[in-house]
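Colleague: Supplied in structure tokens, the structure appears directly below.
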């Protein structure tokens, strides 16, 4: 071990290289938007929640999984801006990546994490549809400024998320 330490010290002392600190740079594919260490893509074509999930997976990501209030605020603004730019601002619903189809009332993100934040419209999730039928609204959407439970068969645009690629300078 002493020999290795001595060799390393000698290399450092005899090196004429001026080393610079490396900076990590996050990058997203064309058409995606970078926020923190994730890339986001608004897919404006209406589809069921399952089809939206598949679409995001084909893009190398997943339906958005919101982990912090700061990310929730970003997602809301990004969806609203994307809808305005695409002419969909009258369509108030967008798929997010959570469902309670495995166990009613237990909401999980598509990443497998439990939904820890609470940003439900009206302060709580309704466990029934507009006709009072329980357990038929198992997929999460963003609508009217908050989360909402909706029928997974509804056709809505969606928001995809994937990890940013990193490079160093």
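The values are calculated or read from the model by the stated rules, or taken from the named source; none is laboratory data. These numbers were taken from a predicted model, which means no experiment stands behind them. In this analysis, Cβ positions are derived from the backbone assuming ideal geometry, glycine residues included, and neighbour counts consider all displayed protein chains.
Colleague: Find the helices (runs of 4 or more DSSP H) located wholly in region 1-115 whose residues include 2 or more that are surrounded by 11 or more Cβ atoms within 10 Å (Cβ to Cβ) and at pLDDT 90 or above, and list them.
Modeller: Values: elements: 2-14, 49-58, 69-86.
It comes to 49-58, 69-86.
Colleague: Return the residue satisfying two criteria in turn: it lies in region 64-103 and is touching a residue at least 60 places away in the same chain (Cβ under 8 Å) and within 15 Å of residue 150 (Cα to Cα), and of such residues it is farthest from the chain's Cα centre (by Cα).
Modeller: Restricting to residues being touching a residue at least 60 places away in the same chain (Cβ under 8 Å) and within 15 Å of residue 150 (Cα to Cα), the top hit is 91.
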